[in-house]
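Since the structure comes first, as structure tokens, the remarks are kept for the end.
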Amino acid sequence: MEIFAHRGASGDHPENTLIAIERAIEFGADGIEIDVQLADGQVMVFHDRWLHRTTNGYGRLQDLSFDRLRALSVGPGQQIPTLLEVLNCIQGRCCLNVELKHKEVAGPALTTLAFACQQLQFDPQQLIISSFHHRLLAQLKQHWPQFQYAGLTASVPLDLACFAERIGCSALHMDLSCLDEELVNDAHQRGLQVRVYTVDEVDDIAHLAEMKVDGIFSNFPARAIGYLQQARQ
Ligand code: G3P
Ligand code: MG
């Protein structure tokens with residue numbers, strides 16, 4: 001089972017920062033998940049619409065200029081990174097799952113990912129684009145077929161994993177709180193990988209490994225990796 005660091009090693013470091021990403025790679029994570037949004041024309045790595053939870057600023061991310069966003073602190077010595085900075089940091093050392101938080105960020109984000117494949121040692125297959133905006137994913141798959149796509153769901157859809165297959169996804173990313181064996185099995189029967197978010201407790205990791213889930217997103221990748229290594233012995 002693959003371990004993806006959720007927003008980097010965000011249990012121990014500020015989420016969606018370069019330090020959290022670097023630490024997750026040091027721990028041996030198979031991949032990193034980040035959230036991206038467009039602000040002042042830049043692809044910013046940031047989860048919330050509002051700034052107050054994770055920065056020393058206030059207001060909406062989208063309302064601030066790039067310079068003002070960069071003046072904010074997201075932890076000691078850490079700024080809100082751009083997608084390009086994250087790609088420069090990883091340099092193809094592990095997979096990167098880019099979660100598109102809204103439609104407007106999609107074009108600039110995928111253009112940046114295409115650049116990373118030409119200049120920054122990434123294989124397109126290391127780049128996974130996910131979103132709750134399934135219609136957006138379907139459009140992106142047409143324009144940029146070289147990348148992997150994953151449909152995010154926080155529910156058990158009426159047609160199970162059918163939507164993800166129709167989009168042309170290689171994986172389904174599902175919320176742990178709606179984990180459903182029928183959905184996992186249906187995804188597997190359609191040839192889709194299944195990754196589950198957000199999984200921090202070892203009891204959950206053990207259960208998901210038994211269910212043959214392909215990957216998990218964890219805020220504590222070192223704990224998850226350590227548990228799996230121990231379980232293999
Ligand atoms: O990509 C998995 C997970 O991050 C989706 O939800 O809200 O944590 O971005 P959220
Ligand atoms: Mg996310």
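Before moving on, here are some points about what is shown:
- Within segment 141-171, tally of residues that are under 16 Å from Leu100 (Cβ atoms) and open to solvent by less than 20 Å² (accessible area, probe 1.4 Å): 10
- Residue check, Ile129 within 16 Å of ligand 2 (Cβ to nearest atom), within 26 Å of Thr55 (Cα to Cα) and crowded, with 21+ Cβ neighbours inside 10 Å: yes
Every residue, every condition in (1) over 18 Å from Phe132 (Cα atoms); (2) more than 16 Å from ligand 1 (Cβ to nearest atom); (3) not in a helix (DSSP H, G or I), yes or no:
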| residue | (1), (2), (3) |
| --- | --- |
| His188 | yes, yes, no |
| Val196 | no, no, yes |
| Val199 | yes, no, yes |
| Ile225 | yes, yes, no |
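- The residues of segment 65-124 that are under 18 Å from the mean Cα position of the chain (by Cα), of a type in the set (Lys, Arg) and open to solvent by less than 70 Å² (accessible area, probe 1.4 Å) amount to a single one, Lys101.
- Yes/no for Arg60 being more than 16 Å from ligand 2 (Cβ to nearest atom), touching a His at 6+ places or on another chain (Cβ under 8 Å) and modelled with pLDDT of 95 or more: no
- Qualifying residues in segment 29-64 (those that are assigned to a loop (DSSP other than H, G, I, E, B) and touching a residue at least 60 places away in the same chain (Cβ under 8 Å)) - the one least open to solvent (accessible area, probe 1.4 Å): Ala29
- Residue in segment 18-28 that is within 30 Å of Asp214 (Cβ to Cβ), open to solvent by less than 20 Å² (accessible area, probe 1.4 Å), among the aliphatic types (A, V, I, L, M) and in contact (Cβ under 8 Å) with a residue 60 or more places away in the chain present: yes
- Neighbours by Cβ (under 7 Å, 6+ apart or cross-chain): first from segment 96-125, in contact (Cβ under 8 Å) with a residue 12 or more places away in the chain and closer than 13 Å to Leu136 by Cβ; second of a type in the set (Gly, Ala, Ser) and buried (at least 16 other Cβ atoms within 10 Å of the Cβ): Val98/Ala109; Glu99/Ser130; Glu99/Ser131; Leu100/Ala106; Leu100/Ala109; Leu100/Ser131
- Candidate set: segment 149-179, residues that are within 13 Å of ligand 1 (Cβ to nearest atom), touching a helix residue (DSSP H, G or I) at 6+ places or on another chain (Cβ under 7 Å) and outside any loop (DSSP other than H, G, I, E, B); chosen: the one farthest from Val196 (Cα to Cα): Tyr149
- Evaluation of Gln146 against the conditions (1) out of contact with any Asp or Glu (no Cβ under 7 Å at 6 or more places or on another chain); (2) in a helix (DSSP H, G or I) shows that the sole unmet condition is (2).
- Residue within segment 100-108 that is out of contact with any Phe, Trp or Tyr (no Cβ under 6 Å at 6 or more places or on another chain), assigned to a loop (DSSP other than H, G, I, E, B) and modelled with pLDDT of 95 or more present: yes
The values are calculated or read from the model by the stated rules, or taken from the named source; none is laboratory data. Bear in mind the structure is a predicted one, so any value in this text is a computation, not a measurement. Glycine also receives a Cβ, built like all others from the backbone with ideal geometry; neighbour counts cover every protein chain displayed. When the accessible area is computed, the model is the full protein with side chains, heavy atoms only, and any ligands, DNA or RNA have been set aside. Shrake-Rupley method; radii C 1.70, N 1.55, O 1.52, S 1.80 Å.
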